[in-house]
Every structure is written in C-alpha cells, then in structure tokens.
C-alpha cells in the first residue's frame, strides 16, 4: 500500500492543494455574502431569496465537496509512509487548524440555515469578525507545513 501511495503522491498532493484552494475561497466568500445579506438585503424580498440561493449553492456545490476532497486527499497524504513525522509539532498544529476550519465550515452552514428560516440574529460586524477566522487558520497551516517546526 505504501508504494502505491508514494507513486500517487504528486497527484494526491496536487489534488489536495486544488481542493483546499476551492474550500478556502468559499470560507472567505460566504461570510462576506452574509455581511451584505444582513446590511443591504434584509429578509422577505426577492433579493433575500437570491442571496439565499447563492449562499446555498456556494455551500453545497463548492464548499462541501471541496471540504470532503481536502480531507480525503489530506488523509491520503498522512497515510503515505514516512511523509509525516508525528514526533514534531507541525503535524499537530496543522491538524488542529484543519479541525478549526471544519468547525468554521459547519458554523457557516448553521448560519445559512438561519438565513433560510428568516432567523438570523447576527450583525454584519459579527460576520466581518468571523471572516478573519479562516485567514488565521490558513496562516497556521501554511507556516506549519512549510516551516515544519
């Protein structure tokens, strides 16, 4: 199995990076849509329905599959023998940040459901602040992987 994973390693790594880029794009964009939804659109009108459609499609058609493929290809990389030295700190900080991104993804999904039900109680400021979460997590991941402390 290890030989197969090593022979596929360049492909798995490339697919992992592409998946993460797609996922990150959604993690950055959806909270921004929520800011505009709260501050400019309101609820119960045609534009509200348009925003709900955009938010739902972004989450289900792009972010969801990208998150799953990021996990699948990431776990394949972790399973590649000798690639990760778990005695170092970096794999643990990366893993923690990936779990944080997954939590954030699900937090956004719950907020989208609230918008769809007309029950959003959060302000644009809240969504602006939360929009910084994926940036911080991305920095932790990138520096963990490249610096390997």
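Each value in this text was obtained by applying a stated rule to the coordinates, not by laboratory testing. Small disclaimer: the values here were computed from a predicted structure and weren't measured. All Cβ positions, even for glycine, are placed from backbone atoms using ideal geometry, and neighbour counts span all protein chains on display.
Below, the figures for the structure above:
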item	result
Crossing angle, helix 2-36 versus the chain [Cα axis fit, 0-90 degrees, rounded to tens]	20 degrees
Least to most buried among 94, 13, 46, 148 (fewest other Cβ within 10 Å first)	46, 148, 13, 94
Contact order relative to length of segment 2-147, as percent, for alpha carbon pairs under 8 angstrom and 6 or more apart	38 percent
Exposure proxy order (Cβ contacts within 10 Å, fewest to most) of 48, 85	85, 48
Burial ordering of 67, 130, fewest other beta-carbon atoms within 10 Å first	130, 67
The chain: angle of helix 46-57 to the longest principal axis, Cα-based, in degrees nearest 10	10 degrees
Among 82, 64, 96: highest mean-square fluctuation, GNM of the chain, C-alpha pairs under 10 Å	82
Principal-axis tilt of helix 64-79 within the chain, Cα atoms, nearest 10 degrees	20 degrees
Segment 25-81-segment 97-143 distance, computed between alpha-carbon centres (Å)	10 Å
Residue 142 paired with residue 126, simple spin-label distance in nm, labels 7 Å along Cα-to-beta-carbon	2.9 nm
Value of [θ]222 nm, deg cm²/dmol, for the chain, DSSP H segments ≥ 4, -39500 (n - 2.57) each, nearest 500	-25500 deg cm²/dmol
Pair residue 87, residue 45: separation of 7 Å Cα→Cβ label points (nm)	6.3 nm
